[in-house]
Amino acid sequence: MCSLPFDSGLSAVGGPLWPRGTALLTNSLLNKGTAFSERERDALGLTGLLPPRVFTMEEQVTRVLANVRRKDNALEKYIFLTTLQNRNETLFYRLMQDHAEEMIPIIYTPTVGQACLEYGAIFRRPRGLFISIDDRGRIAEILRHWPMTDVRMIVVTDGERILGLGDLGALGMGIPVGKLALYTACAGLHPAYGLPITLDVGTDNAALREDPSYLGLPQPRVRGDAYDEFIAEFIEAVQAVFPRALLQWEDFGNTNAFRLLNDNRAKLCSFNDDIQGTAAVAVAGLLGALREIGGCLADHRLLFLGAGEAGTGIADLFVAAATSEGMPAEEARARCWFVDSEGLVVQNRPGRKLAHHKLPYAHVHAPLRTLAEAVEAVKPTMLIGVSGQPATFTPAILRRMAELNKRPVIFALSNPTSQAECTAEAAYRETEGRVLFASGSPFAPVTLNGRTYTPGQGNNVYIFPGVGFGALACGAKEITDAMFLAAARRLAELVTPADLAVGRIYPALTRIREVSLELAIAVVAEARKAGLATIELPADPRAELIARRFEAVYRDYV
Ligand code: NAD
């Protein structure tokens, strides 16, 4: 890996590599649109290609913001924003940064879920690389088709578990594209460093296969040895073509996600955001909740609905956090209980064999079928929804949590909003406003008995941009769980009394740049402590990291 920031190699304006005229206007990284000055227009062959009036960036932002707001539905806003990104990235990121709270839910969850579902219909211009199972034997060659040679951050999916929407095959591309946009908007990774990739191995979504407009391979998913060989070739190719890249595994089905992470994290600097990023944001939420209700992790019993990547990832990091506070790991694990699609996860459960990742949390208990029964048996202090199943935290379950706890902690993390286990409104209403609530996708503030609650968004966007940026900046050889724990702790520290006063256990999204920077600093410190940093940074790396951030401002070209 190498230090940031990006050097485009184009610094010599007017040099042989520099695009002019239409080539400059269609280069999304360099284009300034109507903000090209008269001198630039003269010098770079732009005169006549643009309307005569020169606008400032502020004026452009006002105009595009009005245009976004004029669109009457979220998908139209998404289309508008992706078109802007393809035309003028600096302006796109200025808008994202200045209006993060409004723009992130469009470019990311919940709207990105709808965009993926309709990716075929709204497809205009490709972004990222599609590598299909039929490309075996030539993956390195395909990576070289990418126009940027110095890629530092790859976000890759095989589309099997897109948000809580299931198998969307090649339509999942919206997710890596959106996540990379957040790396830039939230942490300041130069946009030229990012590469979104979709690995198309088919889809088990029969409706998609039969849809004549489906963009991917209309065949069942390839699994087993052929899949593994494909992934192995992909990893080798990434190492050969982009040796400095950090790789984020994204929205793989859980049969592959755990394996891919565990088998590859030591040989390829990589992490799985659904497992590790989710874990860090949820543990940060638990720590943030403790700041409001007092006590420590050891006082709590967690019940999860959903025992997949997100759920067991959160539990694993909870165990790491609790052990670092002095609790034996066995005891910390005993405090985590799971309900999956077949009921309470217990030892010797009749039926299908338990998947490997659930075994540490299969306690000795009689099998129970429903979440309501599990709540009675476990008497959790914290209830965490990561099942992708909407309305499963029923009013009766929410009320029972409020009977069992003075301040119940309830997270409905499934995305997008349509899949959340309960709404914010239901959580506050059924607990008489006593709940500490967070959701994966944003919910509007809720007013109850004259008090307004602003639910926190327990979304990975608080974690992965900062972790990735920090790891890249110090050239981390590996991304460890300790780095995610350091990020989670720092995130919880950044919650202010004002946040807590409105019921929010995460910092406001408007502070996301500052949050990502603080997390990056925490990750650099942890990498150094573990001897994993390969790039020297000053003892206090803050100023250096700030200097390395991509700033969405126009440069004078002449
Ligand atoms: P996964 O497929 O690995 O796991 C889903 C789990 O839910 C499985 O254990 C499954 O058995 C269980 N489940 C399915 N139906 C159920 C039912 N009716 N009752 C009980 N359990 C049921 O998926 P994952 O990666 O763990 O993600 C799960 C959800 O969490 C998704 O909706 C995803 O969007 C969300 N998530 C949110 C964030 C965030 O930022 N908040 C991050 C990652 C994942």
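Among the residues of segment 343-377, those identified as under 21 Å from LEU398 (Cα atoms) and more than 28 Å from the chain's Cα centre (by Cα) are GLY343, LEU344, LEU368, ARG369, THR370, ALA372, GLU373, ALA374, VAL375, GLU376, ALA377.
Scan segment 18-49 residue by residue and report those that are of a type in the set (A, V, I, L, M), surrounded by fewer than 17 Cβ atoms within 10 Å (Cβ to Cβ) and within 21 Å of THR83 (Cβ to Cβ). Selection gives ALA23, LEU29, LEU49.
Output the residues belonging to segment 398-416 that are crowded, with 21+ Cβ neighbours inside 10 Å and not in a loop (DSSP other than H, G, I, E, B).
Here is the first cut: in segment 398-416, the residues crowded, with 21+ Cβ neighbours inside 10 Å are 398, 401, 405, 408-416.
Answer for segment 398-416, where residues must be crowded, with 21+ Cβ neighbours inside 10 Å and not in a loop (DSSP other than H, G, I, E, B): LEU398, MET401, VAL409, ILE410, PHE411, ALA412.
Do you know which residues across segment 373-393 are open to solvent by 20 Å² or more (accessible area, probe 1.4 Å) and within 12 Å of the ligand (Cβ to nearest atom)? Within segment 373-393, VAL386, SER387, GLN389, PRO390, ALA391, THR392 meet the criteria.
Among the residues making up segment 123-145, those that are out of contact with any strand residue (DSSP E or B) (no Cβ under 6 Å at 6 or more places or on another chain) and open to solvent by 50 Å² or more (accessible area, probe 1.4 Å) are PHE123, ARG124, ARG125, PRO126, ARG127, ASP134, ARG136, GLY137, ARG138, GLU141, ARG144, HIS145.
The condition (being under 26 Å from ASN415 (Cα atoms) and open to solvent by 10 Å² or more (accessible area, probe 1.4 Å)) is satisfied by just one residue among LEU287, LEU261, LEU195: LEU287.
Filtering segment 499-509 for residues that are within 28 Å of VAL61 (Cβ to Cβ), touching a Lys or Arg at 6+ places or on another chain (Cβ under 7 Å) and in contact (Cβ under 8 Å) with a residue 60 or more places away in the chain leaves an empty set.
Would it be correct to say that ASP273 is under 26 Å from GLU493 (Cβ atoms), crowded, with 24+ Cβ neighbours inside 10 Å and among the charged types (D, E, K, R)? Yes: the conditions hold for ASP273.
Entry remark, segment 439-490: residues being in contact with a strand residue (DSSP E or B) (Cβ under 6 Å, 6 or more places away or on another chain), surrounded by fewer than 24 Cβ atoms within 10 Å (Cβ to Cβ) and of a type in the set (A, V, I, L, M) number 1 in total.
Filtered by the rule that a residue be within 16 Å of the ligand (Cβ to nearest atom) and either among the acidic types (Asp, Glu) or in contact with a strand residue (DSSP E or B) (Cβ under 9 Å, 6 or more places away or on another chain) (or both), segment 307-328 gives ALA307, GLY308, GLU309, ALA310, GLY311, THR312, GLY313, ILE314, ALA315, ASP316, PHE318. In summary, VAL155 fulfils each of the numbered conditions (1) within 16 Å of the ligand (Cβ to nearest atom); (2) open to solvent by 10 Å² or more (accessible area, probe 1.4 Å); (3) in contact with a Lys or Arg (Cβ under 7 Å, 6 or more places away or on another chain) with the single exception of condition (2).
Is it true that GLY120 is out of contact with any strand residue (DSSP E or B) (no Cβ under 7 Å at 6 or more places or on another chain) and not in a helix (DSSP H, G or I)? No, not satisfied. Set side by side, the residues PHE304, PHE258 differ, and just one is aromatic (Phe, Trp, Tyr), at pLDDT below 95 and within 11 Å of the ligand (Cβ to nearest atom), which is PHE258. Scanning segment 436-462 for residues that are assigned to a strand (DSSP E or B) and within 16 Å of the ligand (Cβ to nearest atom) gives LEU436, PHE437, ALA438, SER439, GLY456, GLN457.
Take the residues in segment 164-185 that are open to solvent by 10 Å² or more (accessible area, probe 1.4 Å) and on the phi < 0 side of the Ramachandran plot; name whichever of them is nearest to the ligand (Cβ to nearest atom). Only one residue fits best here, namely GLY164.
Here is a yes/no grid of residues against (1) in contact (Cβ under 8 Å) with a residue 12 or more places away in the chain; (2) within 16 Å of the ligand (Cβ to nearest atom); (3) under 26 Å from ARG138 (Cα atoms); (4) of a type outside the set (A, V, I, L, M):
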{"residue": "ASP204", "(1), (2), (3), (4)": "yes, yes, yes, yes"}
{"residue": "LEU247", "(1), (2), (3), (4)": "yes, no, yes, no"}
{"residue": "GLU250", "(1), (2), (3), (4)": "yes, yes, yes, yes"}
{"residue": "ASN262", "(1), (2), (3), (4)": "no, yes, yes, yes"}
{"residue": "CYS269", "(1), (2), (3), (4)": "yes, no, yes, yes"}
{"residue": "ASP273", "(1), (2), (3), (4)": "yes, yes, no, yes"}
{"residue": "VAL283", "(1), (2), (3), (4)": "yes, yes, no, no"}
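Of the residues making up segment 295-306, those that are open to solvent by 10 Å² or more (accessible area, probe 1.4 Å), touching a residue at least 40 places away in the same chain (Cβ under 8 Å) and more than 23 Å from the chain's Cα centre (by Cα) number 3. Among helices (runs of 4 or more DSSP H) entirely within segment 187-282, having at least 2 residues that are among the small types (Gly, Ala, Ser) singles out 206-210, 224-241.
The condition of being touching a residue at least 12 places away in the same chain (Cβ under 8 Å), open to solvent by 50 Å² or more (accessible area, probe 1.4 Å) and assigned to a helix (DSSP H, G or I) holds for only one of PRO367, PRO360, that being PRO360. Residue check: is GLY456 on the phi > 0 side of the Ramachandran plot and not charged (D, E, K, R)? For GLY456, the condition - on the phi > 0 side of the Ramachandran plot and not charged (D, E, K, R) - is not met.
Among the criteria (1) small (Gly, Ala, Ser); (2) more than 16 Å from the ligand (Cβ to nearest atom); (3) in a loop (DSSP other than H, G, I, E, B); (4) under 21 Å from VAL386 (Cα atoms), the one GLY433 does not fulfil is (4). Among the residues of segment 307-339, the ones that are surrounded by fewer than 24 Cβ atoms within 10 Å (Cβ to Cβ), assigned to a helix (DSSP H, G or I) and either touching a Pro at 6+ places or on another chain (Cβ under 7 Å) or among the charged types (D, E, K, R) (or both) come to 4 in all.
The values are calculated or read from the model by the stated rules, or taken from the named source; none is laboratory data. Quick caveat: nothing in here was measured; it's all calculated off a predicted structure. All Cβ positions, glycine included, derive from the backbone under ideal geometry; neighbour counts span all protein chains shown. Quick note on the areas: whole protein, heavy atoms, side chains included, nothing else; ligands and nucleic acids left out. Shrake-Rupley method; radii C 1.70, N 1.55, O 1.52, S 1.80 Å.
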